[in-house]
Structures are given as C-alpha cells and as structure tokens.
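The values are calculated or read from the model by the stated rules, or taken from the named source; none is laboratory data. If you're wondering where the values come from, they're calculated on a predicted model, not measured in any experiment. Here Cβ is always computed from backbone atoms with ideal geometry, including for glycine, and neighbour counts include all displayed protein chains. Each accessible area value is taken on the protein alone, full model and side chains, heavy atoms only, with ligands, DNA and RNA left out. Shrake-Rupley method; radii C 1.70, N 1.55, O 1.52, S 1.80 Å.
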Amino acid sequence: MDLMCYRYPELHYECDIEPELYEAAVPNFILQPMVENSLLHGLKNKGYRGTVAVTARATEQGMEITVKDNGAGFAEGKKAAIDAMLRHYAKHAPKLEGNSIGVLNVQKRIKLLCGKQYGLSYTENPDGGVTAHLLLPLEKEKVQ
C-alpha cells in the first residue's frame, strides 16, 4: 500500500488495529486479495483516488478484519452473485471464469483452516464503495 500511495498521491490508506490483536494469528494469503480487490475493482476506475481502510476488532465470535474502500461499489447484480458464491463455496471448481477466484480462495481457506462458522462476506457502504468482512477465530498461535 505504501508503494501504491506513493505512485498515486490521491490514494490513501488507513490501518486501525486494536492493540490486543497485534499478536493474533491470521491465515496466510487472505488479506492481500481483499486489499487488491479494493484497489482494482473499487478505485482503479476512479483513477486511484480514494481510501482503503483496514480495521481489526475483537468480537464475541472472534476477530473481524474489514477492508473498506470508497470506490465504485458493486456493478448491478454483482453482489448477489458473490454472496451466492460465498454461500456455496464448496460447490465451486478450484478455477473460476472471471475475476472472483481470489474471493473464492479466501473463503475456502478460512473455512478449511478456521471452521465453517468463520468466513468472508461483503456489504455495500452507504457513502459508496464496498467493505469486505473477514470473520476469524481469535487465537494466539500461528494459523497457516
């Protein structure tokens, strides 16, 4: 993100992590695709003008990491298609057509490594853009 913000001066990045979560275990290869989606699908068509904000909070269910952008938001019908894919993640082939493979891989990794009660979901922001929600267990030992 530092490199992207350097390259695109009107791109901003915020990170807000509760201090008690600094040592929390997070599976590998789940955060980068979410940040990349915010950049490529949310802010690219806006000339990389906007903000990507990453937060991590402890919840009753575990830990929630959010990646929020104020980009273009979902195209018509795209959120419903992604929601259906995330619900039925186990029925999808490892290789998808289109550009949802990172989203599907993240969902599958979380479900496999952390349990079926955890996973990825999306909301549309009232002021524009999209927020990815990653619900993970709150553990201190490393998760691969």
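Scan LYS78, LYS68, LYS91 and give me the residue that is surrounded by 13 or more Cβ atoms within 10 Å (Cβ to Cβ), more than 15 Å from the chain's Cα centre (by Cα) and of a type outside the set (Gly, Ala, Ser). Step through it out loud before you land on a result.
Numbers: LYS68 fails: more than 15 Å from the chain's Cα centre (by Cα); LYS91 fails: surrounded by 13 or more Cβ atoms within 10 Å (Cβ to Cβ).
From the options LYS78, LYS68, LYS91, the qualifying one is LYS78.
In the range 5-26, which residues are open to solvent by less than 70 Å² (accessible area, probe 1.4 Å) and either farther than 25 Å from ILE110 by Cβ or of a type in the set (Lys, Arg) (or both)?
Step one: list which residues in the range 5-26 are open to solvent by less than 70 Å² (accessible area, probe 1.4 Å), which gives 5, 8, 11, 17-18, 21, 24-26.
Passing the criteria: CYS5, TYR8, LEU11.
Collect the residues in the range 42-83 that are without any contact (Cβ under 8 Å) to a residue 24 or more places away in the chain and small (Gly, Ala, Ser), keeping them in residue-number order.
Once the filter is applied, which keeps residues that are without any contact (Cβ under 8 Å) to a residue 24 or more places away in the chain and small (Gly, Ala, Ser), the range 42-83 yields ALA75, GLY77, ALA80, ALA81.
Do we find a residue being closer than 24 Å to LEU11 by Cα and β-branched (Val, Ile, Thr) anywhere in the range 31-46? Explain how you work it out, then say what you get.
Step one: filter the range 31-46 for residues closer than 24 Å to LEU11 by Cα, giving 31-46.
Within this subset, residues satisfying the condition of being β-branched (Val, Ile, Thr) are 35.
Checked against the condition, which is being closer than 24 Å to LEU11 by Cα and β-branched (Val, Ile, Thr), the range 31-46 yields at least one hit.
Name the residues in the range 39-61 that are modelled with pLDDT of 95 or more, within 16 Å of the chain's Cα centre (by Cα) and not hydrophobic (A, V, I, L, M, F, W, C), would you?
Listed by number, the residues that qualify are THR51, THR55, ARG57.
Do we find a residue being assigned to a loop (DSSP other than H, G, I, E, B) and either closer than 15 Å to SER121 by Cα or free of Cβ contacts under 8 Å to residues at least 12 places away in the same chain (or both) anywhere in the range 21-41? So that I can check it myself, show each step before the final result.
In the first step, residues of the range 21-41 are kept if they are assigned to a loop (DSSP other than H, G, I, E, B); the result is 22-30.
Still in the running and either closer than 15 Å to SER121 by Cα or free of Cβ contacts under 8 Å to residues at least 12 places away in the same chain (or both): 22, 30.
Within the range 21-41, one or more residues are assigned to a loop (DSSP other than H, G, I, E, B) and either closer than 15 Å to SER121 by Cα or free of Cβ contacts under 8 Å to residues at least 12 places away in the same chain (or both).
Suppose we filter GLY47, GLY42 for residues that are exposed (fewer than 12 other Cβ atoms within 10 Å of the Cβ) and small (Gly, Ala, Ser); which single one remains? It would help to see each step written out before you state the result.
Numbers: GLY42 fails: exposed (fewer than 12 other Cβ atoms within 10 Å of the Cβ).
Of GLY47, GLY42, the one residue that is exposed (fewer than 12 other Cβ atoms within 10 Å of the Cβ) and small (Gly, Ala, Ser) is GLY47.
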